[in-house]
Amino acid sequence: MIMQRDQMLRHLANETFDLLVIGGGITGVGVAREAARRGIRTALVEMQDFAWGTSSRSTKLIHGGLRYLRNFEFGLVRESVVERQRLLRMAPHLVHPLPFVFPVYTGDPDPLWMLKIGLMMYDWFSGKGTQIPHRMARGKAVMQWEPLLKQEGLVGAGIYQDCATDDARLTIEVLQSAVQWGAVAANYAVVTALRHDRSGKLEAVEVEDTLTRQRFAIRANRVLSACGPWADTVRRMDDPSAPSLLRLTKGVHITVPRDRLPLTNAVTMRGTDGRIMFAIPSGAFTYLGTTDTDYAGRPEDVRADRDDVEYILAAAQKNFPGQKLDFADVVSAWAGLRPLVRSQAANPSAVSRGYELFPSASGLVTIAGGKLTAFRAMASHIVDYLFPATKRAQGTAPSDNPLPGATTEPVAQETVKAISKATGEPEAEVVRVAQRYGRRFGPMWTELQTSGALSDGDPLMAWRLMQLKQAVEHEMAVRLEDVVARRTSLLLFTQDNGQRHLEALGQAMGQMLGWDATRTAAEVERCRQRVQEMFAWKNA
Ligand SMILES: Cc1cc2nc3c(=O)[nH]c(=O)nc-3n(C[C@H](O)[C@H](O)[C@H](O)COP(=O)(O)OP(=O)(O)OC[C@H]3O[C@@H](n4cnc5c(N)ncnc54)[C@H](O)[C@@H]3O)c2cc1C
């Protein structure tokens with residue numbers, strides 16, 4: 001499937017749409033997909049790259065959110081669990097069941113019996129789906145599940161199932177599905193102003209293509225702002241006196257090599273202050289997080305600070321004392337902002353993860369809040385609200401139609417071994433890459449094998465070029481950073497953050513997109529800067 005940005009931009013400038021969505025995170029692409037499915041002529045613009053905001057910086061879980069039960073958010077948890085089961089069918093290549101061990105220690109805020117009740121509700125919400133029911137263990141019996149856990153004070157644990165995903169890839173696939181159904185979308189297209197008619201109604205949206213600096217206007221009957229942490233900024237383009245809707249809280253994660261924290265299951269652990277956090281095995285790595293602190297800076301400047309990394313390492317030390325993880329183990333770090341609907345709660349973790357719609361007098365509608373997991377249900381409610389007449393529309397396909405790469409056939413273990421041997425990529429990372437492309441992986445691998453590139457010097461480079469080609473030709477990657485950070489996970493899930501092959505990838509991408517030497521060098525430099533920013537806390 002080809003997503004041609006130039007063609008998209010031409011359509012955006014020349015057509016009148018039923019709906020314009022501002023923001024290409026999971027919320028925006030989810031709404032674009034649902035609207036296009038119902039036959040609504042839909043446009044979407046994203047100021048950076050798709051999933052550049054919160055949607056590539058989450059904990060990457062498709063989950064009900066066990067801890068929200070404690071805040072009595074039963075509706076939110078139930079909806080998320082139902083959506084999790086649905087996503088397992090829609091995107092089995094991207095959404096993977098993962099067992100979670102939740103240990104309880106003497107002095108923890110919630111006793112073992114309370115965990116048991118929570119897990120029973122969790123199972124009940126998932127109905128008869130594919131969910132494996134939870135189990136409980138007492139005392140040292142827990143160590144057979146996760147031998148690295150701290151033993152001292154261990155009362156018992158529950159083991160339950162949730163799911164993990166690649167958030168940025170999920171966003172891209174939902175976008176591809178939207179485009180397949182007729183949506184028109186472009187990245188690096190920032191909304192700079194909203195134009196109103198004499199009566200104050202929204203008339204057009206002014207956009208700048210940040211790659212060429214060309215400006216144009218988009219006309220649409222309805223405009224939705226799905227700008228996550230930037231919701232207040234866009235609302236104030238509409239009404240400079242609009243009050244702030246959002247409370248932004250920062251969440252940081254760090255990654256360590258899997259052999260430094262070799263977990264079999266994900267672990268739901270408590271930080272030194274009793275907050276719930278996670279340690280999640282992922283390919284050849286394990287990542288840990290998250291923090292949850294109020295954030296007052298510009299959303300685009302958010303990054304991991306030394307305090308954040310220390311806090312996560314302290315949690316690791318508390319739960320896995322034998323591993324003695326420290327700064328030197330950290331391979332990557334990322335920081336995201338939760339766009340939570342403003343509340344008076346003193347503790348950020350107690351603020352609801354639900355969502356709300358805010359219509360303005362001009363006709364702009366802003367969506368605030370939400371979760372990655374519930375994007376489909378949320379999109380359905382939003383499109384019902386914006387276009388009530390389409391509520392019962394049959395559409396081109398059901399809204400839980402499988403995403404473009406969906407396959408239930410994983411790549412065979414012998415193939416994984418053979419690829420690992422041929423390319424030098426660790427087996428666990430071969431699995432990550434194969435899962436990323438789902439049913440498209442087979443043809444990609446066959447093409448690479450028959451091209452002869454694997455025997456040309458650097459087979460790992462050839463393997464990465466295969467992914468770059470897919471990103472440029474089919475996934476609207478237009479900057480090197482799009483490939484390194486979001487179409488692939490080289491930035492977060494490789495020991496060198498993708499740096500070893502950066503120059504060569506930049507050259508190859510430049511050839512495909514017609515860059516000159518200056519542009520290629522600038523793209524490579526931009527990626528190096530991202531790595532430096534990621535580790536800025538080391539020098540603090
Ligand atoms: C640390 C953390 C962990 C999380 N973990 C989970 C989890 O495990 N599971 C889960 O279900 N949820 C999780 N969430 C919540 C989930 O990630 C978010 O709810 C979701 O990603 C928000 O998506 P969004 O599309 O609303 O916002 P975003 O992804 O931020 O997208 C908004 C987009 O709007 C664009 N934009 C802004 N202004 C403009 C403009 N003027 N013109 C054009 N475009 C513009 C931005 O560039 C951005 O890409 C987590 C959140 C955080 C912060």
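The values are calculated or read from the model by the stated rules, or taken from the named source; none is laboratory data. Note that the structure is a prediction, hence the values are computed from the model and not measured. All Cβ positions, even for glycine, are placed from backbone atoms using ideal geometry, and neighbour counts span all protein chains on display.
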Item to check | Odd one out for LEU357, checked against (1) at pLDDT below 90; (2) surrounded by fewer than 16 Cβ atoms within 10 Å (Cβ to Cβ); (3) assigned to a strand (DSSP E or B) | outcome: (1)
Checklist entry - Which ranges mark the strands (runs of 3 or more DSSP E) fully within segment 1-119 that have 1 or more residues being closer than 19 Å to VAL174 by Cα, of a type in the set (S, T, N, Q) and outside the structural domain of ALA471 (by TED's automatic domain parsing)? => result 42-45
Item to check | Residues of segment 5-48 that turn out to be touching a residue at least 40 places away in the same chain (Cβ under 8 Å), within 20 Å of ALA471 (Cα to Cα) and away from the ligand (no atom under 15 Å from the Cβ), as a count | outcome: 0
Next on the checklist: Which of the numbered conditions does GLY506 fail, given that it passes all the others? Conditions: (1) surrounded by 18 or more Cβ atoms within 10 Å (Cβ to Cβ); (2) under 22 Å from the mean Cα position of the chain (by Cα); (3) part of a helix (DSSP H, G or I).
Outcome noted: (2)
Next on the checklist: Quick check on my filter: what residues within segment 231-273 are in a helix (DSSP H, G or I) and either in contact with a helix residue (DSSP H, G or I) (Cβ under 6 Å, 6 or more places away or on another chain) or of a type in the set (Lys, Arg) (or both)?
Outcome noted: ARG235, ARG236, ARG258, ARG260
Checklist outcome for this item: With the first residue restricted to segment 362-374 and required to be within 16 Å of ILE22 (Cα to Cα), and the second required to be within 6 Å of the ligand (Cβ to nearest atom) and assigned to a loop (DSSP other than H, G, I, E, B), Cβ contacts under 8 Å at 6 or more apart or on different chains are THR366/CYS227; ILE367/ALA226
Checklist entry - If you take the residues in segment 167-195 that are in a strand (DSSP E or B) and touching an Asp or Glu at 6+ places or on another chain (Cβ under 6 Å), which one is nearest to the ligand (Cβ to nearest atom)? => result VAL190
Next on the checklist: Can you find, within segment 115-145, the residue that is farthest from THR272 (Cα to Cα) among those that are among the polar types (S, T, N, Q) and in contact (Cβ under 8 Å) with a residue 24 or more places away in the chain?
Outcome noted: THR130
Checklist entry - Which residue, of LEU94, LEU148, LEU154, LEU112, is within 16 Å of the ligand (Cβ to nearest atom) and touching a residue at least 12 places away in the same chain (Cβ under 8 Å)? => result LEU94
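Limited to segment 365-401, what total is found for residues that are in a loop (DSSP other than H, G, I, E, B), more than 16 Å from the ligand (Cβ to nearest atom) and in contact with a helix residue (DSSP H, G or I) (Cβ under 9 Å, 6 or more places away or on another chain)? Reasoning before the result, please.
Within segment 365-401, the first condition is being in a loop (DSSP other than H, G, I, E, B), and the residues that meet it are 370-374, 387, 391-401.
The next check asks that each one be more than 16 Å from the ligand (Cβ to nearest atom); those that pass are 387, 391-401.
From the residues that got through so far, the ones that are in contact with a helix residue (DSSP H, G or I) (Cβ under 9 Å, 6 or more places away or on another chain) too are 387, 391, 393, 395-401.
Residues in segment 365-401 being in a loop (DSSP other than H, G, I, E, B), more than 16 Å from the ligand (Cβ to nearest atom) and in contact with a helix residue (DSSP H, G or I) (Cβ under 9 Å, 6 or more places away or on another chain): 10 in total.
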Checklist entry - Give me the pairs: first residue in segment 210-228 and on the phi > 0 side of the Ramachandran plot and within 11 Å of the ligand (Cβ to nearest atom), second residue part of a loop (DSSP other than H, G, I, E, B) and not hydrophobic (A, V, I, L, M, F, W, C), beta-carbon distance under 7 Å, and six or more apart or on different chains, which are they? => result GLY228/GLY23; GLY228/GLY25; GLY228/GLY53
Checklist entry - Got a sec? Which of ALA279, ALA266, ALA231, ALA296 is under 30 Å from GLU206 (Cβ atoms) and assigned by TED's automatic domain parsing to the domain that holds ASP329? => result ALA296
